[in-house]
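Here is the structure we will look at.
The values are calculated or read from the model by the stated rules, or taken from the named source; none is laboratory data. Predicted model, so just to flag it, every value in this text is computed and none were measured. Neighbour counts are summed over all protein chains in view; Cβ atoms, including those assigned to glycine, are modelled from backbone coordinates with ideal geometry. We work out accessible area using only protein heavy atoms, side chains counted, and drop any ligands, DNA or RNA first. Shrake-Rupley method; radii C 1.70, N 1.55, O 1.52, S 1.80 Å.
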Amino acid sequence: MLRYAVKRLLSLVLSLIVASVVIFAMVEVVPGDTAAYMLGINATEETLNALRDQLGLNGTLVERYLSWAGGLLRGDFGTSYTYRTPVAEMIGERLWISLPLALYALTLSTVIAFPAGIWAASKRGSVADVSVMGITQLGVAIPNFWFAMLMVLVFAINLRWFNAGGFAGWDAGFFAAMKSLTLPAIALALPQASILARVMRSSLLDTLGEDFVRTARAKGLSKRQALWRHALRNALIPVLTIIGLQFSFLLAGAIIIENVFFLPGLGRLVFQSISARDLIVVESVVMLLVFAVVIVNFAVDIAYAVVDPRLRTRT
């Protein structure tokens, strides 16, 4: 198990190095001059050069990459071009909104999808199975931003159970903050729960058709016992893959939902930074999100080995 984890960890480090180079290169080749954008079209060349020196934009690409990457290793994300505040502070403030939102949405998705997928698989071909598949198909088809606006209309404007947008802040108390995140989390969780439920059902049905399950049934186990004791654990590998991908998406891809509910999260920060051409913020946030994705994939790989010990000997 230790050897397996070390190999995955080395792969993680290599992935982060490659990702940092790609992110820096892609952001830096974007046309336009940050200094000219900040100072306007009437700025003189001397003023532009002075600002470029101040922002560290006059060095070569290699020098700027090494400076940026070295800062990341030290926990120094640089200083925002626009706000002139440390990027780490800006990310820290937004992360305490985006991370709980992603975890909240993932929890809702898992809590809904697991029972639905298992129930549908155990009732294959029945009305219950068809109903679950129909509902999940609808959940996949409905755009989450449209569903978010519908929930605002119903639960915020008509029923007045929730605020239409904004974040109460953790200083207002845990429940007040989570209440602010409830509608966004539901909007994010709906399509993810639908996808996860369908994958859970499909994987479980495939496992129920395996020889070892038929052998367990032949030895006297009921269908329910065979499902819970043998089939479920072996059906979890593709499900774990989807959960890992979903968490990464929920953390990095909630920009539309954050804008619908006016949540000052990481997605909205990236959008605002791109609009202001604050490239240091864009690079740092995207790199942080890539790091989160890679860490989640590493955790999923370890979970694979726990669920299926055979993987430890194959790698």
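Give SER203, SER180 a once-over and let me know the one that is out of contact with any Lys or Arg (no Cβ under 9 Å at 6 or more places or on another chain), open to solvent by less than 40 Å² (accessible area, probe 1.4 Å), over 30 Å from ARG233 (Cα atoms) and in a helix (DSSP H, G or I). When all the criteria are applied, what remains is SER180. Residues in segment 121-137 that are open to solvent by less than 100 Å² (accessible area, probe 1.4 Å) and not in a loop (DSSP other than H, G, I, E, B): 11 in all.
From the residues in segment 50-87 that are in a loop (DSSP other than H, G, I, E, B) and of a type in the set (Ser, Thr, Tyr), which one is most open to solvent (accessible area, probe 1.4 Å)? So, considering only residues that are in a loop (DSSP other than H, G, I, E, B) and of a type in the set (Ser, Thr, Tyr), the one most open to solvent (accessible area, probe 1.4 Å) is TYR83.
The single condition among (1) open to solvent by less than 80 Å² (accessible area, probe 1.4 Å); (2) modelled with pLDDT of 80 or more that THR47 does not satisfy is (2).
Here THR207 clears all of (1) under 18 Å from TRP119 (Cβ atoms); (2) of a type in the set (Val, Ile, Thr); (3) under 25 Å from the mean Cα position of the chain (by Cα) except the condition numbered (3). LEU263 meets the conditions (1) crowded, with 21+ Cβ neighbours inside 10 Å; (2) without any contact (Cβ under 8 Å) to a residue 60 or more places away in the chain; (3) not in a helix (DSSP H, G or I) in every case but one. The failed one is (2).
For every residue, the table says whether it meets (1) modelled with pLDDT under 85; (2) more than 21 Å from PRO100 (Cβ to Cβ); (3) among the aromatic types (Phe, Trp, Tyr); (4) not in a helix (DSSP H, G or I).
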position: LEU251; (1), (2), (3), (4): yes, no, no, no
position: GLY267; (1), (2), (3), (4): yes, no, no, no
position: SER273; (1), (2), (3), (4): yes, yes, no, no
position: ARG277; (1), (2), (3), (4): yes, yes, no, yes
position: VAL293; (1), (2), (3), (4): yes, no, no, no
position: PHE298; (1), (2), (3), (4): yes, yes, yes, no
position: ALA303; (1), (2), (3), (4): yes, yes, no, no
position: ARG312; (1), (2), (3), (4): yes, yes, no, no
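Of the residues making up segment 157-171, not a single one is open to solvent by less than 60 Å² (accessible area, probe 1.4 Å) and not in a loop (DSSP other than H, G, I, E, B).
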